[in-house]
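**Student:** The following block contains the structure, expressed as structure tokens.
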Amino acid sequence: MFADLNEKVALITGGGQGLGLGIVLKMAEQGADIAIADLSDENLRQAADQVEGMGRKVYTVKMDVTDKGSVTAGVNDLTSQAGQIDILVNNAGVAGAPGSTGTSFRDVDWDFTWKVNVKGLVDVTEAVLPQMRQRKAGKIINISSVAAKAAKYITAYYATTKMSVVAYTQALAREFAAENINVNAIAPGRIWTQFHQDWMKEREALGDEAVVGKEKYDVFMASLKEVIPMGRPQEPSDIGSLAVFLASEESRNITGQTIQCDGGQVMV
Ligand SMILES: NC(=O)c1ccc[n+]([C@@H]2O[C@H](COP(=O)([O-])OP(=O)(O)OC[C@H]3O[C@@H](n4cnc5c(N)ncnc54)[C@H](O)[C@@H]3O)[C@@H](O)[C@H]2O)c1
């Protein structure tokens, strides 16, 4: 065990699949009990089964982070089930509105992406913060993206939301440092989750020549090798391991940072 999360409860939004599930499983492996908030009942059930199989307690709630009523009710429900929330991982995020065209000019993409990636993240944080402030202890980890600092490889609206997550992380870290609440962000590189698979489907539907008729994972790997020095994708477990470190007392003097986990794509 490289970081002790025993007797801690970690809430992971969007923890039902992909990167969020990677974080759930790593935290459970290190001894945390797990609270998962996700849009999808099916994802919640499957993730909960895996955590239970590891011998940890698991609490789930169906939550839409874009609906403030759902956020407040969901956080209250999880807190009363679990007793308290010690660690919050704001992971739920989208690449654009459903049917996104991959261009940067549709209002619907700007609005929807902002509502999930920024406003949703802020609302969940504000719902969890009071109990952390009361206990003068808490760990908040926000999932940004390599897109924040390597914006040219993705749409403007997505990059803007993920840079906003960096700014929010810094502001919050400064505001609550004296109350012993650590706030950090992780900027993952490229992970072959549903997020990327849906993006490929949308590009294919739009007739993008780089994608049509090609094996989608091969396209993903080829484009990744052009920009990631280590030449390999990241895995949900890579992000989970970093989140565990940031949630543990091993990182107690780290706050306000955004840490890249991207195979060397961004070096600052
Ligand atoms: N996959 C990548 O390469 C990559 C890279 C950098 C950053 N990220 C970020 O990582 C996070 C997770 O991405 P992923 O690849 O695992 O995506 P994913 O689409 O595979 O999973 C996202 C999860 O979030 C949930 N979710 C979506 N909207 C929600 C909402 N409104 N309320 C509650 N839950 C909601 C979904 O049900 C799903 O379980 C996102 O914030 C994304 O921007 C992903």
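We did not get these values from a lab; they are worked out from the coordinates using the rules stated. Fair warning: this is a prediction, and the values are worked out from it, not measured in the lab. Because the Cβ atoms are built from the backbone with ideal geometry, glycine has one as well, and the counts that use them run over all protein chains shown.
**Student:** Using only Cα atoms, find the angle between the long axis of helix 68-82 and the longest principal axis of the chain, and express it within 0 to 90 degrees, rounded to the nearest 10.
**Tutor:** 50
**Student:** Here's something else I'd like to know. With charges set only on the Cβ (+1 for Lys and Arg, -1 for Asp and Glu), what does the dipole of the chain come to about its Cα centre, in debye to the nearest 20?
**Tutor:** On the way: 26 positive and 33 negative charges, 119 e Å.
Roughly 580 debye for the chain.
**Student:** Using the basic label-point model (7 angstrom from Cα toward the beta carbon), what is the A205 to N6 distance in nanometres?
**Tutor:** 4.9
**Student:** Also, quick follow-up: Going by alpha carbons, how many degrees (0 to 90, nearest 10) lie between the helix axis of 156-176 and the longest principal axis of the chain?
**Tutor:** Tilt relative to the chain: about 20 degrees.
**Student:** With unit charges on the beta carbons (Lys and Arg positive, Asp and Glu negative) and the dipole taken about the Cα centre of the stretch 116-163, which residue among Y153, M163, M132 sits farthest to the positive side?
**Tutor:** The Cα lying farthest towards the positive end belongs to M132.
**Student:** Another one. Which one of T258, V116, A35 is farthest out on the positive end of the charge dipole of the chain, using unit charges on Cβ (Lys, Arg +1; Asp, Glu -1) and the Cα centre as origin?
**Tutor:** Comparing the listed Cα positions along the dipole, T258 ranks first.
**Student:** Also, quick follow-up: Under 26 Å Cα-Cα from K26, which lysines qualify once same-chain neighbours fewer than 8 residues away are excluded?
**Tutor:** K8, K57, K62, K136, K139, K162
**Student:** How far apart, in nm, are the 7 Å Cα→Cβ label points at A167 and E250?
**Tutor:** Each label point lies 7 Å from its Cα, and together they span 3.3 nm.
**Student:** Under 11 Å from the 7 Å Cα→Cβ point of V108, by amide nitrogen: which residues of the stretch 65-92?
**Tutor:** none
**Student:** Turning to a different aspect of this structure: With +1 on the Cβ of every Lys and Arg and -1 on the Cβ of every Asp and Glu, and nothing else charged, how large is the dipole of the stretch 117-179 about its Cα centre, in debye rounded to the nearest 20?
**Tutor:** 180
**Student:** Quick one: net charge around K214, please, counting Lys, Arg +1 and Asp, Glu -1 for every other residue with C-beta under 12 Å from its C-beta.
**Tutor:** Value of the local net charge: -3.
**Student:** If you build a Gaussian network model of the chain, linking Cα atoms that sit under 10 Å apart, which residue out of A178, A151, A137 swings the most?
**Tutor:** Among A178, A151, A137, the largest mean-square fluctuation in the Gaussian network model of the chain belongs to A178.
**Student:** Let me ask another. Using unit Cβ charges (K, R positive; D, E negative) and no other charged atoms, how large, in debye to the nearest 20, is the dipole of the stretch 122-221 about its Cα centre?
**Tutor:** 480
**Student:** Taking 0.36 nm per residue of sequence separation and subtracting the Cα-Cα distance, how much length would be gained by fully extending the chain between F195 and M230, in nm to one decimal?
**Tutor:** Here the segment from F195 to M230 would lengthen by 10.4 nm.
**Student:** Show which lysines lie in cross-link reach of K68 when reach means a straight Cα distance below 20 angstrom and same-chain residues fewer than eight apart are skipped.
**Tutor:** K115, K119
**Student:** So which lysines pass the test for K214, namely a Cα distance under 19 Å, with those fewer than 8 places away in the same chain ruled out?
**Tutor:** Partners within reach: K201, K225.
**Student:** Related question: Of the listed peptides 249-255, 144-150, what is their order by residue-averaged count of other C-beta atoms within 10 Å, with the highest listed first?
**Tutor:** In descending order of packing, they fall as 144-150, 249-255.
**Student:** E126 to D218: extension gain in nm, 0.36 nm per residue of separation minus the Cα-Cα distance?
**Tutor:** Computed gain between E126 and D218 is 29.0 nm.
**Student:** Positive end of the dipole of the chain, charges at C-beta (+1 Lys, Arg; -1 Asp, Glu), about the Cα centre: which of A243, G102, F195 has its Cα farthest in that direction?
**Tutor:** Projecting each Cα onto the dipole axis, the largest value belongs to A243.
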